[in-house]
Amino acid sequence: MVQAASLFSQLLRHFSRAHFAELVLRHDAERYAKGFSCWTQFVAMLFCQLGRAESLREICNGLRSCLGKLYHLGIAQAPNKSVLSYANRQRPAALYRDLFYDSYDHFRAHGGLGRRKARFRFKNKLLSLDATVITLCLKLFPWAEYRRAKGGVKVHTLLDHDTYLPVFVDITTARQHESRIARTLQLNPDSIVAMDRAFIDYTLFHQWTCRRIYFVTREKQNAVYEVVESRAVPHAHPVEIRADQVIRLAGPQARRQCPDLLRRVVLWDEEKQREVVLLTNHLDFGATTIAAIYKDRWEIEIFFKALKQNLKVKTFVGTTENALAIQIWTALIAMLLLKWLHFLSQAGWSLSNLVALLRWNLFTYRELMEWLHDPYRNEPLVPRLEQLAFTGHGFGQPGALTTG
């Protein structure tokens, strides 16, 4: 049976047009729109991500070449390059930020974003906090000055380990320090945050301890402390624990900022042949559990790698801060779709293979779930014709018409 909509159209059905219109009104995003809707802009930028278009010209020409298939995308015609460029400069990126968070809640509510890989006995919410730098050409992006001859932006991300997708994202210039973003987070009590030592902020650690929020991070190399208690270390475990201590910070300023008891866990990294020293305010978990929590922090690095390799966040089709933010937010929305497809697929393929095959088949007319489970079956899409046959006594003589 010939499908009435392309794969791209079926993906867009997961975004409610009515709710999208509400977001547009909330942000007053179509002021002075002159016929070019935010939905058309969203379709164009999502096509940029899923189709790997390298420029505004490729976005517009790619959609224009599929003119007969645009009706089911909810747009009448492909956008003009200058109009799309103007919209990316002027329309608020906050519209797409809110669309990402609402879409995340939608997919999460329907259980379509996967589940935690590592199995922990605790029921606490496990999160990872990190930032990735996207380097930019300073001549094209002078507002993103980072170093003398280099520009950049940081994508600060709080990753939920239940879905391995962000529950918080902030896009800043690369000069913004990570700890400033960490102070703005609104975390629930009993949450556990795994992070690198770039986020060490003793004042923040004291605030989190008072609010019963736990962290696991790397200890500073020059940290000064005194040992309050030494605990027995487990033996015959895949992770070699060399020390498990309860400590108190001894530096005058550090002790004033964080007077709480902390936990120092020393483990041996067999792969890199080095000691890793972890610092946490959780005094009850076993040392091996603390080590496993920090090891699972690697999932946020995997997320950044997948985002940069499979979507368009290293080169940009606009040079303004707003245009760059819109492209990053639409990349995150595209990642939601890809994670959902990858979770549902029965083909057993990698995320990179899924991205490549979807890019080549965006305007293929097949049922989405059928294509997802068996992408290589390619039956010809030939309409079933109903032919009329005459059953009379001869040509031109009256007789009954039947179908055959």
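The values are calculated or read from the model by the stated rules, or taken from the named source; none is laboratory data. None of the values given here were measured: they were computed from a predicted structure. Cβ sites come from the backbone with ideal geometry, for glycine too, and all protein chains shown count toward neighbours.
Six or more apart or on different chains, Cβ under 8 Å: which pairs go from a residue in the range 32-47 that's farther than 9 Å from Ala87 by Cβ to one that's among the small types (Gly, Ala, Ser)? Could you list them?
Trp39/Gly74; Val43/Gly74; Leu46/Ala334; Phe47/Ala53; Phe47/Gly62
Can you name the helices (runs of 4 or more DSSP H) wholly within the range 254-366 that have at least 1 residues being in contact with a Cys (Cβ under 9 Å, 6 or more places away or on another chain) and closer than 26 Å to Gln41 by Cα?
Once the helices (runs of 4 or more DSSP H) in the range 254-366 are filtered for at least 1 residues that are in contact with a Cys (Cβ under 9 Å, 6 or more places away or on another chain) and closer than 26 Å to Gln41 by Cα, what remains is 321-344.
Assess whether Trp349 counts as being among the aromatic types (Phe, Trp, Tyr) and crowded, with 19+ Cβ neighbours inside 10 Å.
Against the criterion (among the aromatic types (Phe, Trp, Tyr) and crowded, with 19+ Cβ neighbours inside 10 Å), Trp349 does not qualify.
Kindly provide the set of residues from the range 128-146 that are under 19 Å from Phe316 (Cβ atoms) and among the charged types (D, E, K, R), ordered by number.
Lys139, Glu145
In the range 23-41, what residues are touching a helix residue (DSSP H, G or I) at 6+ places or on another chain (Cβ under 7 Å) and either assigned to a helix (DSSP H, G or I) or crowded, with 23+ Cβ neighbours inside 10 Å (or both)? Write out each step before concluding.
Going through the range 23-41, the residues touching a helix residue (DSSP H, G or I) at 6+ places or on another chain (Cβ under 7 Å) turn out to be 23-24, 27, 29-30, 36, 38-39, 41.
Across the range 23-41, the qualifying residues are Leu23, Val24, His27, Cys38, Trp39, Gln41.
Is it true that some residue in the range 97-113 is in a helix (DSSP H, G or I), among the hydroxyl-bearing types (Ser, Thr, Tyr) and buried (at least 19 other Cβ atoms within 10 Å of the Cβ)?
Yes, the range 97-113 has at least one match.
Restricted to the range 53-89, and to residues that are of a type in the set (D, E, K, R) and within 19 Å of Tyr32 (Cα to Cα), which residue is surrounded by the most Cβ atoms within 10 Å (Cβ to Cβ)?
Among those that are of a type in the set (D, E, K, R) and within 19 Å of Tyr32 (Cα to Cα), it is Lys81.
Got at least one residue in the range 157-167 being of a type in the set (Phe, Trp, Tyr), farther than 22 Å from Arg256 by Cβ and crowded, with 18+ Cβ neighbours inside 10 Å?
Yes, that holds for at least one residue.
Could you figure out which of (1) more than 30 Å from Gln90 (Cα to Cα); (2) at pLDDT 80 or above; (3) over 17 Å from the mean Cα position of the chain (by Cα) isn't true of Ser350?
Here Ser350 meets the rest and fails (3).
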